[in-house]
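Data first, discussion second: the structure below is written as structure tokens.
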Amino acid sequence: MGGRCHKPGHLVVGPAEARRALHTVIVIDAVTKRYPDGTTAVDRLTLEIPDGSITVLVGPSGCGKTTTLRMINRMVEPTEGRILLNGQDVREAPVNALRRSMGYVIQHAGLFPHRTVMDNIATVPRLLGWDKHRARERARELMERVGLDASFAKRYPYQLSGGQQQRVGVARALAADPPVLLMDEPFSAVDPIVRKGLQDELLRIQADLGKTVVFVTHDIDEAIKLGDMVAVLREGGRLAQYAPPARLLSAPADEFVEDFLGVDRGIRHLSFFGTEELELTAEPIVTEDATAEQVRAATLAELPYVLVTDAEGRPRGWSDALDRATGTEGELLPYGRAFTVGRDSLRAALDSAVLSPTGWAVAVDEQGRAVGVAAQEAIAAAIRSAHTAGVLR
Amino acid sequence: MNIFGYAQQFFDAPGQWSGADGIPTRLLEHVQYSALALLIALVIALPVGLVTGHTGRSGNALAVLATAARALPSFGLLVLLTILMGLGLTPVMVPLVALAVPPILVTTYEAMRGVDPSLVDAARGIGLPWWRVLGQVELPVALPLILSGIRSGAIQIVSTATIAAYVSFGGLGRYIVDGLSQVNYAKVVGGAVLVAALALATLGFFWLLGRVLVSPGVRRSR
Amino acid sequence: MSGGGFFEVPSDLQNTWWGLVGWQLQLTLVPVLCGLVIALPIALLCRRFGWIYPPVLGVATVFYAIPSLAFFVFLIDWFSESDLTVEIPLTVYTLVVLVPAIVDGMRSVSADTRAAAEAMGFGTLRRYFQVELPIAVPAVFAGLRVATVSSVSLVSVGMLIGNEGALGNLLSDALNYHRPQLAWDAVISIAVIGVLLDALLVLARRLLTPWARKATAK
């Protein structure tokens with residue numbers, strides 16, 4: 001999560017907006033969708049979707065999140081209320097022109113099986129009347145952007161893996177450079193590792209392009225990872241809370257949101273705090289060839305272990321300080337997992353401390369060299385001060 | 001003599017390859033009438049199948065219609081219409097068309113219904129108008145199945161056009177019907193061989209058509 | 001041979017209307033039943049050895065393409081102008097419809113169900129007979145309906161080879177003596193038999209597969 005450059009608050013303008021001449025704010029204004037059989041999919045929903053950022057709609061099945069998304073490009077027409085795109089009611093625009101101005105990505109990509117990867121991506125540019133050459137040029141450019149090798153251009157969808165198909169789906173949605181991107185559970189049908197790759201790719205692309213993205217998911221972790229703003233919907237299509245993910249975790253509006261966030265929301269909230277302020281001590285770090293004297297000097301009163309590193313300074317493991325000081329070298333204890341200072345969050349630091357047999361977290365720099373260790377107490381102190389700072393801010 | 005002997009006798013007979021009762025003439029008649037019947041059946045069944053399949057409505061009505069049409073005895077209909085209307089094109093075309101419409105209609109409907117709904121959703125979401133969704137997405141994807149329905153209709157037309165010789169109609173069936181009444185088994189068997197060969201050629205034609213028209217992306221994913 | 005009622009059959013056919021109906025049913029149902037009996041083992045083999053299915057399907061398509069009249073003619077050589085000459089081609093056509101219906105029906109059993117059967121210790125054969133075949137029953141009946149209804153109609157063509165067409169034999173008299181009423185009789189009787197047999201099959205399927213009723217009702 002450390003890579004995120006901005007986290008605009010409610011209606012706070014993000015840096016992306018400064019780059020874009022065109023404002024593409026979507027306003028969902030008291031929208032209700034009732035079906036003829038009497039079920040209410042969306043119930044008087046009001047949301048302001050900020051420009052140039054990712055807004056995630058999340059909730060259990062039947063909460064109307066997909067219906068809401070599909071009302072934006074008029075795949076579903078609202079029963080009451082209206083949806084404004086840059087101040088204009090979406091119903092005033094010709095429906096297909098509206099849809100062509102919004103990229104649309106769905107769960108199984110929905111690629112056209114009878115068209116090659118390149119022709120799939122070129123669909124909307126061709127619809128908009130681009131000539132074949134320009135459309136293909138654009139398709140090639142997008143394949144590169146979504147991380148697809150050019151050799152895939154002539155392949156048919158059935159020759160691609162699920163993750164690759166989804167990349168093509170994203171490329172197809174971006175083809176005509178629409179200001180808005182609608183994504184309906186796009187990554188939920190692929191395995192977790194591929195999903196993480198696709199999520200990172202989306203964040204990278206979004207950092208470059210600054211689209212107005214509306215993203216539907218049932219996975220709260222995905223929502224927190226991707227969203228600049230997260231709207232939690234409950235059954236019956238009512239809004240439970242609309243907030244940036246950090247606020248969601250620290251101050252859930254009610255029991256429903258709290259339940260939905262899960263039991264470890266406090267831990268996950270730590271993802272939003274950096275480790276720059278964390279107090280580290282470099283004292284109990286010794287190299288493999290340290291003398292008994294050096295070991296004794298490095299030993300802390302509250303920690304009967306020293307961290308042994310190799311010649312380059314990379315951590316190898318914990319060693320009993322007394323044994324090492326008296327010349328008997330026992331086996332090294334595994335140190336669990338180190339966290340990278342500056343890049344990783346307090347969540348990673350806490351995780352590192354919990355995993356470590358000594359209870360102390362190992363911190364490394366970008367090159368993987370041990371720069372210090374931190375006691376659980378130090379991490380707790382950092383968490384407290386981060387909370388205080390958050391409240392004060 | 002066995003059927004191979006009869007067949008050889010038929011094909012070796014002098015004058016067999018020219019004239020009004022020659023093989024080329026009879027073959028051409030058979031193909032012309034079959035093609036005409038198929039064309040009429042396509043004009044009726046294809047649009048209805050495509051549109052009902054696209055909208056997903058009237059599926060039950062189509063199923064009932066198809067069962068009813070299948071229960072219609074085409075040979076009986078042929079004789080009945082000939083008695084009522086006299087010799088002519090109409091009494092032959094009606095049963096042939098009635099025979100081919102149900103398989104084309106029902107398979108087209110089913111093929112269109114069978115197109116992955118998420119594909120149609122994506123196409124609409126991208127901003128394709130309905131006729132493009134139908135023509136550029138649903139039709140190419142459903143094409144292999146639709147072609148199999150048309151093929152099945154064509155095979156039945158070719159088969160039944162043979163029987164039409166009984167009501168004094170041209171085509172390859174003439175050899176069989178005339179041979180039976182003349183007790184000329186060489187002619188009967190020869191005609192049967194030709195009809196069977198034409199039916200297999202029809203199969204081959206549709207196989208080729210599939211190779212040409214169906215996108216490799218659709219063909220291989222099945 | 002004078003005018004008379006709807007069900008009056010010309011004397012040269014040497015049969016009654018009910019006799020013709022019985023004959024029609026025999027020429028229809030014997031092939032369908034034989035077809036079913038032969039199709040089952042072929043389908044099971046195709047299911048067990050997947051690679052033989054495409055060639056079997058190819059051969060079947062070729063047989064199905066051969067017009068009934070030509071098929072009858074080829075068989076006259078061996079079976080002369082008898083019931084068998086009509087029944088054998090109709091059996092083959094039935095096979096062509098039923099084998100894919102059974103195989104595809106068995107294949108359509110969801111992977112979950114199949115895995116569950118395997119996990120419970122079903123052997124391959126037991127799984128075919130106790131899990132996949134029962135689930136394929138609706139598909140098999142769909143095939144039986146097509147085969148039965150088209151057989152009813154095709155029987156008439158037997159009239160051309162020595163009056164082996166049951167109710168179809170009325171057609172030759174209708175044409176020869178120009179009596180449209182006989183043609184009406186044949187067409188209506190055959191169509192009604194077809195629809196009735198179809199209805200019976202639908203009923204039988206409902207009785208055999210109570211679990212599928214909800215799915216077919218919609």
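Sequence-distant or interchain residues sharing an amide H contact under 5 Å with residue A:103, placed H: which?
Hits under the 5 Å cutoff: A:180, A:181, A:182.
Mind telling me which of A:296, A:172, A:247 comes out most flexible in a GNM of chain A, alpha-carbon contacts under 10 Å?
Highest fluctuation among the options: A:296.
At a 1.4 Å probe, which residues in region B:75-89 are at least 50 Å² less accessible with all protein chains present than in their chain isolated?
In region B:75-89, residues shielded by partner chains: B:75, B:80, B:83.
Considering Cα pairs under 8 angstrom that are at least six residues apart, work out the relative contact order of chain C and quote it in whole percent.
That works out to 24 percent.
Please compute the net charge surrounding residue C:116, taking Lys and Arg as +1 and Asp and Glu as -1 over other residues with Cβ under 15 Å from its Cβ.
Taking every Cβ under 15 Å from that of residue C:116, the sum is 0.
Can you pull out the buried accessible area for chains B and C, both sides counted, probe 1.4 Å, rounded to the nearest 100 Å²?
Chains B and C together bury roughly 3200 Å² of accessible area.
Please identify which residues in region C:166-196 have an amide N closer than 15 Å to a label point set 7 Å out from the Cα of residue C:29, following the Cα→Cβ vector.
C:193-196
Give me, ordered by chain and number, the residues 5 or more places off residue A:42 or on other chains with an amide H under 5 Å from its own placed amide H.
The answer is A:33.
Given a cut-off of 30 Å, name the pairs among A:132/A:211; A:154/A:225; A:65/A:196; A:33/A:211 whose C-alpha atoms lie farther apart than that in the structure shown.
A:154/A:225
With +1 assigned to the C-beta of every Lys and Arg and -1 to the C-beta of every Asp and Glu, and no other charges, what is the dipole magnitude of the protein assembly as shown about the Cα centre in debye, to the nearest 20?
1900
For region B:136-222, restrict the atom set to alpha-carbon positions and state the Rg and Dmax in Å.
Radius of gyration, then largest Cα-Cα span, for region B:136-222: 17.4, 55 Å.
Classify the protein assembly as shown: rounded, prolate or oblate, from the alpha-carbon gyration tensor (a ≥ b ≥ c, eigenvalue square roots; a/c under 1.5 rounded; otherwise prolate if a/b is larger than b/c)?
prolate
Buried accessible area for the B:A pair, summed, 1.4 Å probe, in Å² rounded to 100?
Using a 1.4 Å probe, the pair buries roughly 1900 Å².
Any idea of the accessible area per residue across chain C, 1.4 Å probe, to the nearest Å²?
Accessible area per residue: 46 Å².
Suppose every K and R has +1 on its Cβ and every D and E has -1 on its Cβ; what is the size of the dipole of region B:3-221 about the Cα centre, in Debye to the nearest 20?
400
Post the alpha-carbon centroid distance, region A:248-295 to region B:172-216, in whole angstrom.
Answer, in whole Å: 81.
Summarise the accessible area of the protein assembly as shown (1.4 Å probe, protein heavy atoms) by the percent that is carbon and sulfur.
59
Semi-axes, largest first, in whole Å: what does sqrt of 5 times each Cα gyration tensor eigenvalue give for region A:50-109?
So the equivalent ellipsoid measures 19, 14, 13 Å along its semi-axes.
Sort out for me the Cα centre separation of region B:110-143 from region C:119-146, rounded to whole Å.
33
Going by a ≥ b ≥ c, the root eigenvalues of the Cα gyration tensor, does chain B fall in the rounded group (a/c under 1.5), the prolate group (a/b larger than b/c) or the oblate group?
Taking the square roots of the gyration eigenvalues as a ≥ b ≥ c, chain B is prolate.
If amide H atoms are built 1.01 Å from N in the plane of the peptide, which residues on other chains or at least 5 residues away come under 5 Å of the amide H of residue A:287?
A:309
Name the residue, out of A:274, A:64, A:359, whose mean-square fluctuation peaks in a Gaussian network model built on chain A with Cα pairs under 10 Å.
A:359
On a full-extension model of 0.36 nm per residue, what is the gain between residue A:88 and residue A:293, subtracting their alpha-carbon distance, rounded to one decimal in nm?
66.2 nm
Give me the aspartates and glutamates in straight-line cross-link reach of residue B:187: C-alpha distance below 13 Å, same-chain residues under 8 apart excluded.
B:12, B:21, B:178
Whole angstrom only: what separates the Cα centroid of region A:26-97 from the Cα centroid of region A:302-337?
Using only Cα atoms to place each centre, the spacing works out to 59 Å.
Using a/c under 1.5 as the rounded threshold, could you call chain C rounded, prolate or oblate? The axes a ≥ b ≥ c are square roots of the C-alpha gyration tensor eigenvalues, and prolate needs a/b larger than b/c, oblate otherwise.
prolate
Please give the net charge around residue C:198, taking every other residue with its beta carbon less than 12 angstrom from that of residue C:198, where Lys and Arg add +1 and Asp and Glu add -1.
+3
Might you report the magnitude of the Cβ-based charge dipole of region A:105-214 about its Cα centre, with Lys and Arg at +1 and Asp and Glu at -1, to the nearest 20 debye?
It works out to roughly 320 debye.
Given region A:301-393 reduced to its alpha-carbon atoms as identical point scatterers, what log10 I(q)/I(0) does the Debye formula return at q = 0.17, 0.18, 0.20, 0.22 Å⁻¹?
Per q value, in the given order, log10 I(q)/I(0) is -0.74, -0.81, -0.95, -1.09.
Throw me the Rg/Rh for chain A, computed over C-alpha atoms with Kirkwood Rh, two decimals.
Here the Rg-to-Rh quotient is 1.08.
Picking from A:304, A:157, A:315, which is most flexible by a Gaussian network model of chain A using Cα springs under 10 Å?
Largest GNM mean-square fluctuation: A:304.
Let me check I've understood the local charge: for residue A:316, count other residues with C-beta under 9 angstrom from its C-beta, Lys and Arg +1, Asp and Glu -1. What total comes out?
-1
Counting only helical runs of four or more DSSP H residues, what would the 222 nm mean residue ellipticity of the protein assembly as shown come to if each run contributes -39,500 (n - 2.57) and the total is spread over all its residues?
Helix contribution divided over all residues of the protein assembly as shown: -18000 deg cm²/dmol.
The values are calculated or read from the model by the stated rules, or taken from the named source; none is laboratory data. No experiment lies behind these values; they were computed from the predicted model shown. As a convention, Cβ positions derive from the backbone with ideal geometry for all residues, glycine included, and neighbour counts pool all protein chains shown. Ligands, DNA and RNA are excluded from the accessible area calculation, which covers all protein heavy atoms including side chains. Shrake-Rupley method; radii C 1.70, N 1.55, O 1.52, S 1.80 Å.
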